[in-house]
Structures are given as structure tokens and as C-alpha cells.
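*Asks:* There's a structure below that I have some questions on.
The values are calculated or read from the model by the stated rules, or taken from the named source; none is laboratory data. This is a predicted model, so every value here is computed, not measured. Cβ sites come from the backbone with ideal geometry, for glycine too, and all protein chains shown count toward neighbours.
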Amino acid sequence: MRAAIAVAAVLGGLCWVAAGLVADWVDPLSVAGSVLLAVAVVGAGASLASRSATWLRLVAGVCSLALVASVVLMVRDAVDDPMMFATAGAVAAIAGVVALARRPASAHRGTHAA
């Protein structure tokens, strides 16, 4: 699950970066990037809560999405730069790559592992 969240962050971030750089594909890329980044943020927020409390995972995921969306929109209004989404996408892509690189090793090491 953690790898899927990180891949969604990388792909969504790259979509936002491409939408900031290519003028012709802004709408389709920004929508696809927004959906992928929303999936990544909801998944990351849900992973903060205990697996036994499904309702708490749902609340944490939705609230994380609301928090990130409000911060991005506030920065967009303050900066008023068309490259803001490309910068936010680059940050999301880098965070996804770091999450993929830091994946934990397999928990099962065998019966004779020390």
C-alpha cells in the first residue's frame, strides 16, 4: 500500500510539473495530477491512524486532503505565479521518490534469523 501511495505521488507530481511546462496539455495533466495527488494524500493521511479503527483512518485521510488542499490554494493566491503548481508537483514527486527509496525491508526474515 505504501508503494502505491508513493507511486501516485510521483506520477501526480510529474503531471503537475508537465502541466506547468507545456501550455497545450494544462487541463488534462492538471486534472490527472490532482486526482493522483489526492489519492496519495488520502492514503498517507489514512496510514497515520491505527489499522483497527477504519473510521479513524477515513477521517484522517479526508482531513489530510482538506489540509493540503487549503495550504496549496492559499499559497497559490499569495504567490500568483503560474509555476506554483509545477513547484508543488516537484515537491510531491521528490517526496514520493524518497518514500519509495526508504521502503522497509521485508519483515519476514526466516525462522533462524538472529
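*Asks:* Evaluate the following for Ser70: is it buried (at least 18 other Cβ atoms within 10 Å of the Cβ) and of a type in the set (S, T, N, Q)?
*Replies:* Taking the combined requirement at face value, the residue does not satisfy it.
*Asks:* Restricting to the stretch 78-90, what's the tally of residues that are loosely packed, with under 14 Cβ neighbours inside 10 Å and part of a helix (DSSP H, G or I)?
*Replies:* Residues flagged as loosely packed, with under 14 Cβ neighbours inside 10 Å and part of a helix (DSSP H, G or I) within the stretch 78-90 amount to 2.
*Asks:* With respect to Val75, is the statement that it is under 17 Å from Leu100 (Cα atoms), assigned to a helix (DSSP H, G or I) and either touching an Asp or Glu at 6+ places or on another chain (Cβ under 8 Å) or in contact (Cβ under 8 Å) with a residue 12 or more places away in the chain (or both) true?
*Replies:* No; evaluated as a whole, the condition is false for this residue.
*Asks:* Residue under question is Arg57, and the condition is that it be under 24 Å from Val98 (Cβ atoms), surrounded by fewer than 19 Cβ atoms within 10 Å (Cβ to Cβ) and charged (D, E, K, R); does it hold?
*Replies:* no
*Asks:* Given the conditions (1) part of a helix (DSSP H, G or I); (2) small (Gly, Ala, Ser); (3) out of contact with any helix residue (DSSP H, G or I) (no Cβ under 7 Å at 6 or more places or on another chain), which single one is not true for Gly12?
*Replies:* It is condition (3) that Gly12 fails.
*Asks:* Modelled with pLDDT of 95 or more, surrounded by 12 or more Cβ atoms within 10 Å (Cβ to Cβ) and of a type outside the set (A, V, I, L, M): is that true of Cys63 in this structure?
*Replies:* Yes.
*Asks:* If you go through the stretch 39-72 one residue at a time, how many are aliphatic (A, V, I, L, M), assigned to a helix (DSSP H, G or I) and closer than 17 Å to Ala4 by Cβ?
*Replies:* 7
For every residue, the table says whether it meets (1) on the phi > 0 side of the Ramachandran plot; (2) of a type in the set (Gly, Ala, Ser); (3) modelled with pLDDT under 90.
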site	(1), (2), (3)
Leu14	no, no, no
Leu36	no, no, no
Val41	no, no, no
Ala44	no, yes, no
Ser52	no, yes, yes
Leu67	no, no, no
Pro82	no, no, yes
Gly110	yes, yes, yes
